Amino acid sequence: DSHTQYERVGADVTMKCGSMDWGSSVTWTANGTDIDESHLNGSYLILKNVDLTQSGQYSCYEGSSWHLKYQTYLSVGLPPKEPVLMCRSNNYPKGFYCSWHLPSPTYIPNFFNISVIHGTREMVCEKDVFPKNRCHIRYLQLFSTVKYKVTLTVTNALGKNSTTVTFDEFTIVKPDPPESVVAKPVPNNPRRLEVSWQNPSSWPDPESFPLKFFLRYRPLILDQWQHVELSDGTSHTITDAYAGKEYIIQVAAKDNDIGTWSDWSVAVHATPWTEEPKHLTTEAQMTETTSASTSSFMPPPTTKICDKGAVVGSGAVAVCWTAGLVLAAYGVLFI
Amino acid sequence: SPAGDSWGIFTFLCAALCHLPALPALNCSEELGAGQSIQKTYDLTRYLEHQLRTLAGTYLNYLGPPFNEPDFNPPRLARAERVPSATVDLDLWRGLTDNARLAANYRAYSRLLCYLRALDGQAATAELRHRLGHFCSSLQGLVLSIAGVMSSLGYPLPVGPSVPPGSQGVVVVAPNDFLKKMDDFWLLKELQTWLWRSAKDFNRLKKKVPPAVVTLRLEARGF
């Protein structure tokens, strides 16, 4: 019969060989490997200043008969430090969730217990299946003046610790970022980009609890963002984009009246519409344009027509120019 | 004794004053259209909420610790129930008719205004009196604005803010200085919560009342 023994990092551990006398002749093994006699005090095993690497299965065998007399699993770890607890309402007015974690590992199993007190009432925070360290609560009442007090206690074999957060219903409201952000160029408008997005799916009632949005955008080549705050609607047209430059765009959401801004959405990239080149001054330039537009969907021979037209006769140029135009048109269509 | 307590006198006066008929809605609000009036009322609640932050900070500092500590989370004593609470069951709140929703706001702010005016009367410093006075004026504007919306939608104004029958004539007294400060704390807390709630109430009203409704009403009245 084996059991687990939990010890603190840096502790001195003495293991007795079951019911054997101190004077008996025994052999200790750690994970099957014999332990040197220098660690023995009689039949006791002495481990000084244990560290994490010393965790494992320890067994004690009677000297001559090699009978197994005692076995234990040594698990070296730490008592828990003060946990980090955070509560947030991303689905107002339905309720809120709390999530937690330990700032540093304990290396042994931990048990978490959470309590939520609202005034005189204790509420049940239902543990989520996934992610693990999370639970959720449904609001029974809305617009409460009484604060919520959430206490998280973490316990393991070596100790206990806890933390408490207290908050008003309104202060923890923070939606999830907007979803399905899409940015598209606007045909025939070299300085415009059309951005649209959707309310986060976790926000249950945008009709009664509307969200407002914050849009930020910048060309990739610049560091400074431009910002637009939008009090309604889930789309916006940027009208001051630099022509031909690729942009990075993000959107954030906030309840119209309470709480804080969401994190930024996933970034989308877009480049405003650009006009097709009308004049091709040199053959080299044109070949470049042609090959740039062809990429994977035009067969090489078309390019060769232009290559073969080394002598710039009007006929050859006309063919090349047409081919280039067709290719450019295809390119724009497929962006 | 109750007669000698000035706070008691103020409460009594408040109860008496609050029985006066509510101020009639201004005729001009009907011309605005319910949609615009609702928007204005919504904007007013946001403005007041912002103003209250400064006012509450100043007042709680005047009350001193523990009232001005951010973690201060006292239990709700029964006596504090005089101040109308914004707290409501979610489904109940959702199911409120426009009339009931507006009436709840109207009653709440009328009473809160009364209590705030009493506070103003006792304020010890000139700064506090100035801030409270200014806030009371704005709050009065909100009450009138709500009345205007109700009138433009054809709803009757609630007859004075409701005072529980049992407390009529009975003076509710704060027996000591600490409990008086507690009352002040809860008054400000309820006011803040009402302003947050009203933003949501008026959001809902905004969506539900199209401008066309008012046009019909104006036609019916022969305008």
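At a glance:
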item: Number of the exception - A:Phe111 against (1) closer than 20 Å to A:Leu158 by Cα; (2) surrounded by 13 or more Cβ atoms within 10 Å (Cβ to Cβ); (3) of a type in the set (A, V, I, L, M, F, W, C); result: (2)
item: Residue within the stretch A:56-66 that is farther than 28 Å from A:Asp257 by Cα and touching a Cys at 6+ places or on another chain (Cβ under 6 Å) present; result: yes
item: Set A:Lys245, A:Lys160, A:Lys174, A:Lys212: member being in the same structural domain as A:Arg134 (by the TED database), of a type in the set (Lys, Arg) and either at positive phi or in contact (Cβ under 8 Å) with a residue 12 or more places away in the chain (or both); result: A:Lys160
item: Tally, over the stretch B:158-204, of residues that are within 27 Å of B:Ser37 (Cα to Cα) and either modelled with pLDDT under 90 or hydroxyl-bearing (Ser, Thr, Tyr) (or both); result: 9
item: Condition check for A:Leu45: more than 30 Å from B:Ala86 (Cβ to Cβ), of a type in the set (A, V, I, L, M) and surrounded by 19 or more Cβ atoms within 10 Å (Cβ to Cβ); result: yes
item: B:Arg82, sole failed condition from (1) modelled with pLDDT of 75 or more; (2) closer than 30 Å to B:Asp177 by Cβ; result: (1)
item: Residue identified as of a type outside the set (Gly, Ala, Ser) and either assigned by the TED database to the domain that holds A:Tyr148 or modelled with pLDDT of 95 or more (or both) among A:Leu40, A:Leu68, A:Leu78; result: A:Leu78
item: Residue match in the stretch B:91-99 (condition: in a helix (DSSP H, G or I) and touching a strand residue (DSSP E or B) at 6+ places or on another chain (Cβ under 8 Å)); result: yes
item: Residue under evaluation A:Thr106, criteria (1) in contact (Cβ under 8 Å) with a residue 40 or more places away in the chain; (2) touching a Ser or Thr at 6+ places or on another chain (Cβ under 8 Å), criterion not met; result: (2)
item: Sole exception among (1) assigned to a helix (DSSP H, G or I); (2) away from chain A (no Cβ under 14 Å); (3) modelled with pLDDT of 90 or more; (4) surrounded by 13 or more Cβ atoms within 10 Å (Cβ to Cβ) for B:Thr54, by number; result: (4)
item: Strands (runs of 3 or more DSSP E) fully within the stretch A:190-246 counting 1 or more residues that are touching a Lys or Arg at 6+ places or on another chain (Cβ under 7 Å), farther than 16 Å from A:Trp261 by Cα and among the hydrophobic types (A, V, I, L, M, F, W, C); result: A:235-238
item: Pairs, first aliphatic (A, V, I, L, M) in the stretch A:223-235, second outside any loop (DSSP other than H, G, I, E, B), C-beta under 6 Å, six or more apart; result: A:Val228/A:Leu215; A:Leu230/A:Phe213; A:Leu230/A:His236
item: Of all residues making up the stretch A:169-206, the number that are surrounded by fewer than 18 Cβ atoms within 10 Å (Cβ to Cβ) and either touching a Gly at 6+ places or on another chain (Cβ under 6 Å) or acidic (Asp, Glu) (or both); result: 4
item: Which numbered condition A:Gln224 misses (of (1) farther than 30 Å from A:Glu276 by Cα; (2) over 24 Å from the mean Cα position of the chain (by Cα)); result: (1)
item: Qualifying positions in the stretch B:57-83 - within 11 Å of chain A (Cβ to nearest Cβ) and within 18 Å of the chain's Cα centre (by Cα); result: B:Ala80, B:Val83
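The values are calculated or read from the model by the stated rules, or taken from the named source; none is laboratory data. Fair warning: this is a prediction, and the values are worked out from it, not measured in the lab. Note: ideal-geometry Cβ built from the backbone for every residue, glycine included; neighbour counts use all protein chains shown.
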